[in-house]
Amino acid sequence: MKTGRKPFSMELLVQRGRIPSTWYEDVLNIGREGKAEVHIVNYLGVSWNTYQRLKERSPEFLKAVNQAQSLSEQWWIDVARQEWVKGNSRSINSNHWSLMVRNMFKERWSDKKEMDLTSKGDKINDSTISVEIIKKQDDKEENE
């Protein structure tokens, strides 16, 4: 029989008094305020590694985090929308806003587009690319 520490979970952290039993609603409130995942990590008082393992081990925690991220994204959109409706869109620093949403919600707001180059369904593994530049001939050169 294996003895030792129990793998930690949200239930165990609540049981041991490390986090309050209201953690689910607290995590959602963090999202409602437009805050990022780092705020959830700091609220829990855990490392990023522990945070990731909690998401893997606790479907309920993962659900709360996903809902919080959705609520946070909504908050950021609502802030910009409200200012637009009020006619105060110039009061928003669009570069800052864009940077925040691209960094906080990478999966949905990324400017980066992945390109998959394939040939007949197979990936191209050749990493050498050659370019040949063909200059257009001038009319004078053609007549000579």
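Counting neighbouring beta carbons within 10 Å and listing from fewest to most, the residues TRP23, TRP48, TRP97 come out as TRP48, TRP97, TRP23.
Once the Cα-Cα distance is subtracted from the 0.36 nm per residue extended length, the ARG18 to SER91 segment shows a gain of 22.1 nm. Given 25 °C and 0.890 mPa s, compute D for segment 10-109 with the Stokes-Einstein relation, Rh being the Kirkwood radius over Cα pairs; round to the nearest whole µm²/s. Roughly 168 µm²/s, to the nearest whole number. One chain, two ends: TRP48 and ASP122. Fully extended at 0.36 nm per residue, the span grows by 22.9 nm beyond their Cα-Cα distance. Only one residue of TRP48, ASN29, MET100 has its Cα farthest out toward the positive end of the dipole of segment 10-109, where Lys and Arg carry +1 and Asp and Glu -1 on Cβ, and that residue is MET100.
Quick note: the coordinates plus some simple rules give every number you see, no bench work behind them. Here the structure is a predicted model, which is why all the values come from computation and not from measurement. Neighbour counts run over all protein chains shown; Cβ positions are idealised from the backbone, glycine included.
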